[in-house]
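No value in this document is a laboratory result; all are computed from the given coordinates. Because the structure is predicted, anything quoted here is derived from the model rather than measured. Neighbour counts are summed over all protein chains in view; Cβ atoms, including those assigned to glycine, are modelled from backbone coordinates with ideal geometry.
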Amino acid sequence: MIVINKKEKVKSINFHDAEIAKIICDYNAGTVEMPIIMEDTHQHPALLKFENIFYMEVNHKEPWGPGINIITVNVDDADGDYFKVSILLSSGDEVNIITSKMIYTSSE
């Protein structure tokens, strides 16, 4: 498990080509979970969990055509202890989350 709350730690994980299976939002708990399939030397399941969410936006316009693979994950500072995670998919869609904690767990 890797707890991410700074940019440096996100860059240590290669999310490129990982496949997002679902986006599960628990509004009452203020969490978002994303089961993903990592694409390293072989495929393996992993989970991205965002806690203490301040903002979340997901579009499904598919301007580049269908695709559920991650192209990039960027992290920018936000107000206070929060940071913004922007995930660009191969479809051209974006997932934007402002959170104070991101947790990555993997079966590897």
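Brief remarks follow.
- Checking each residue in the range 2-54 for being over 26 Å from Pro66 (Cβ atoms) and in contact with a Lys or Arg (Cβ under 8 Å, 6 or more places away or on another chain) picks out Ile2, Val3, Ile4, Asn5, Thr31, Glu51, Asn52.
- For the range 6-21, the set of residues classified as under 25 Å from Ala78 (Cβ atoms) and loosely packed, with under 15 Cβ neighbours inside 10 Å consists of Lys6, Lys7, Glu8, Lys9, Lys11, Ser12, Asn14, His16, listed by residue number.
- Odd one out for Asp79 among (1) in a loop (DSSP other than H, G, I, E, B); (2) in contact with a Ser or Thr (Cβ under 9 Å, 6 or more places away or on another chain): (2)
- Qualifying residue in the range 59-74 (condition: charged (D, E, K, R), within 23 Å of Ala29 (Cβ to Cβ) and either free of Cβ contacts under 8 Å to residues at least 60 places away in the same chain or outside any strand (DSSP E or B) (or both)): no
Every residue, every condition in (1) under 12 Å from the mean Cα position of the chain (by Cα); (2) farther than 18 Å from Lys11 by Cβ; (3) crowded, with 17+ Cβ neighbours inside 10 Å, yes or no:
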residue	(1), (2), (3)
Ile36	yes, no, yes
Lys49	yes, yes, yes
Gly65	no, yes, no
Val73	yes, no, yes
Asp76	no, no, no
Gly80	no, yes, no
Asp93	no, yes, yes
Met102	yes, no, yes
Ser106	no, no, no
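- Residues that are farther than 18 Å from Tyr82 by Cβ, of a type in the set (A, V, I, L, M) and in a strand (DSSP E or B) were ranked within the range 1-33; the one that is nearest to the chain's Cα centre (by Cα) is Ile20.
- Checking each residue in the range 82-91 for being hydroxyl-bearing (Ser, Thr, Tyr) and within 10 Å of the chain's Cα centre (by Cα) picks out only Ser86.
- Exactly one residue out of Asp76, Asp17 is on the phi > 0 side of the Ramachandran plot and charged (D, E, K, R), and it is Asp17.
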